[in-house]
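Only one structure is covered here, and it is reproduced in the block below.
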């Protein structure tokens, strides 16, 4: 789906419309300038972090590149890098971690300021702390634009305006997080099985249950 929207693949049937216009009728170069894509394994070029962020908009100034980087996790992630924005990422980003590569890719999209943002399983291979920074960056990126978020980690999609659950290429459920939980279908089953125990509500409920158990109040 992400590759179809980006026109990396051509579809054989049906239509794909953006603002009511078939994307096949749009100039490909112009169309892609309005798309920001962060895949599961982002591609970084040999050079510095600054160079890779600027790839999103080559004419951007150093100040604009820094501002874009600061919008991801308040820029704290730059302190992890030996030389900050001037850190050499190595070939295909080999000198930095997967999480840091994702943060660079997100800053690149912030700098590009696209109309359509596509996040394709970008949090699947990162640690929970980096995922939190990415989530904070998503709040910035998704504001005032169309965002298509593809994820198995429901924490990434929980706050979306519209969640579509797919199975075998077919839409089986659709709605907000609250609506899908109330429906008690496939989405609710996934959430309750894998993610409910991580939620703040569940943790608070667990603490309350512990307090009610005899002899456990002091331990809590």
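The values are calculated or read from the model by the stated rules, or taken from the named source; none is laboratory data. In this text, all values refer to a predicted model and were calculated from it rather than measured experimentally. Note that we place each Cβ from the backbone using ideal geometry, even for glycine, and neighbour counts take in every protein chain shown.
Brief remarks on what is shown
- Failed condition for residue 218, given (1) in a helix (DSSP H, G or I); (2) at pLDDT below 70; (3) not assigned by TED's automatic domain parsing to the domain that holds residue 59: (1)
- Selection status of residue 85, without any contact (Cβ under 8 Å) to a residue 40 or more places away in the chain, crowded, with 18+ Cβ neighbours inside 10 Å and either in contact with a helix residue (DSSP H, G or I) (Cβ under 7 Å, 6 or more places away or on another chain) or assigned to a strand (DSSP E or B) (or both): yes
- Residue check, residue 67 farther than 25 Å from residue 7 by Cα, at pLDDT 90 or above and in contact with a strand residue (DSSP E or B) (Cβ under 9 Å, 6 or more places away or on another chain): no
- Any hit, the range 57-67, residues being under 25 Å from residue 132 (Cβ atoms), surrounded by 22 or more Cβ atoms within 10 Å (Cβ to Cβ) and within 19 Å of the chain's Cα centre (by Cα): no
- Residue in the range 17-32 that is outside the structural domain of residue 101 (by TED's automatic domain parsing), part of a loop (DSSP other than H, G, I, E, B), modelled with pLDDT of 90 or more and at negative phi present: yes
Matching residues to (1) assigned by TED's automatic domain parsing to the domain that holds residue 56; (2) modelled with pLDDT under 80; (3) more than 20 Å from residue 195 (Cα to Cα):
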| position | (1), (2), (3) |
| --- | --- |
| 140 | yes, yes, yes |
| 147 | yes, no, yes |
| 150 | yes, no, no |
| 153 | yes, yes, no |
| 170 | no, no, yes |
| 181 | no, no, no |
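- Considering residues of the range 37-49 that are in a strand (DSSP E or B) and at pLDDT below 90 only, the residue farthest from the chain's Cα centre (by Cα): 37
- Tabulated pairs, the range 1-15, first at negative phi, second in a helix (DSSP H, G or I), C-beta under 6 angstrom, 6+ apart or interchain: 9/3; 11/4
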